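The values are calculated or read from the model by the stated rules, or taken from the named source; none is laboratory data. What you see is a predicted model; the values in this text were computed from it and never measured. Positions of Cβ are generated from backbone atoms using ideal geometry, with glycine treated the same way; all protein chains shown enter the neighbour counts.
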Amino acid sequence: MKFIHLSDLHFHSFDSDNKGIVRRLEYIRQNPNYSSHNLIITGDIVDDGHERQYVNAYEALQPFLGRVFICPGNHDFGAAGNFFSKERAERFDAMLAKPLQQGGTFTGDSTPVVNILRDVHDTVMLIGLDTNLETDHPFDFACGEVGESQLGFLKTILASPASAGMLKIVFFHHHPFMHKNPFMELKDGRQLMRTLYGRVDMVLFGHKHVADKWENLNGIKYVLAANNTYGNDFAQEIVIAQGQITVTPIPII
Ligand SMILES: [Fe+2]
Ligand SMILES: [Fe+2]
């Protein structure tokens, strides 16, 4: 089973501003080497939640229907990534999550969105979280939070006998251990990492626009940060084969 981790596409309203990301997605779609790859996109799919931006993002992602998995970032839910708007947040579900058949919604509920993928040898559980804090306070909103309720559901999913034996990939937008940054940190990042400790195989996120990779961190085989916005030409390819995970940077242009 193969995946490409993308993040922070930041679709704008005008086509002229989206040329870079559209070209990258087209390259992935038309490259025969990537024809069976699933995409995991860790938020900030649009730049400030405007309707036109969601139309553009959907048009570019629709060809990947059935193999694209998304979660929201702060820019999806509000202007400049700082000002939460319920209307824009609801657009994420109505104009992306539902038509891209995510198997769940993100806005206003605290249930992780779970998808299970199977091939002959492996079963992979994808767990998408909404780390946006639905608050009017701009500092808090850019920071993000998993929230007690969502953490509770996550613990239940990870402890469920039904999930035993599955490889687990958890993905969300905010950087979970970028502490001491009052504008960007995930407020309950420590609680999240404690919950994930030794219980999942991979953790993927974006938000900081800096690609990075940690191995065997916090009892987790791979922790990946992606940057695909504004000219980032590489992405991490994740290959799962008979329980083994390999991660390799690949060109996406
Ligand atoms: Fe971003
Ligand atoms: Fe962000």
Matching residues, segment 108-131, being in contact with a Phe, Trp or Tyr (Cβ under 6 Å, 6 or more places away or on another chain) and either of a type in the set (Ser, Thr, Tyr) or at pLDDT below 95 (or both): THR111, THR131
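Go over the candidates LYS155, LYS221, LYS208, LYS213 one by one and state the one that is of a type in the set (Lys, Arg), in contact (Cβ under 8 Å) with a residue 24 or more places away in the chain and within 19 Å of SER110 (Cβ to Cβ).
LYS155
Of the residues THR107, THR42, which is within 29 Å of PRO182 (Cβ to Cβ) and surrounded by fewer than 23 Cβ atoms within 10 Å (Cβ to Cβ)?
Details: THR42 fails: surrounded by fewer than 23 Cβ atoms within 10 Å (Cβ to Cβ).
Exactly one residue qualifies, and that residue is THR107.
Of all residues being in contact (Cβ under 8 Å) with a residue 60 or more places away in the chain and either basic (Lys, Arg) or in a strand (DSSP E or B) (or both) in segment 36-51, which is farthest from ILE252 (Cα to Cα)? Just the residue, please.
Filtering segment 36-51 down to residues in contact (Cβ under 8 Å) with a residue 60 or more places away in the chain leaves 37-38, 40, 42-44.
Going one step further and asking which of them are either basic (Lys, Arg) or in a strand (DSSP E or B) (or both), we end up with 38, 40, 42.
Details: ASN38: 14, ILE40: 14, THR42: 17 Å.
Checking each candidate, the answer is THR42.
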Enumerate the strands (runs of 3 or more DSSP E) found wholly within segment 185-253, keeping only those where 3 or more residues are more than 16 Å from ligand 2 (Cβ to nearest atom) and within 24 Å of THR131 (Cα to Cα). 212-217, 220-225, 234-241
Within the set of pairs 6+ apart or on separate chains, which have a first residue in segment 52-68 that is within 21 Å of LEU126 (Cα to Cα), a second that is surrounded by fewer than 16 Cβ atoms within 10 Å (Cβ to Cβ) and at pLDDT below 95, and C-beta atoms under 9 Å apart? ARG67/SER36
Condition check: buried (at least 21 other Cβ atoms within 10 Å of the Cβ) and touching a helix residue (DSSP H, G or I) at 6+ places or on another chain (Cβ under 9 Å). Does LEU25 satisfy that? yes
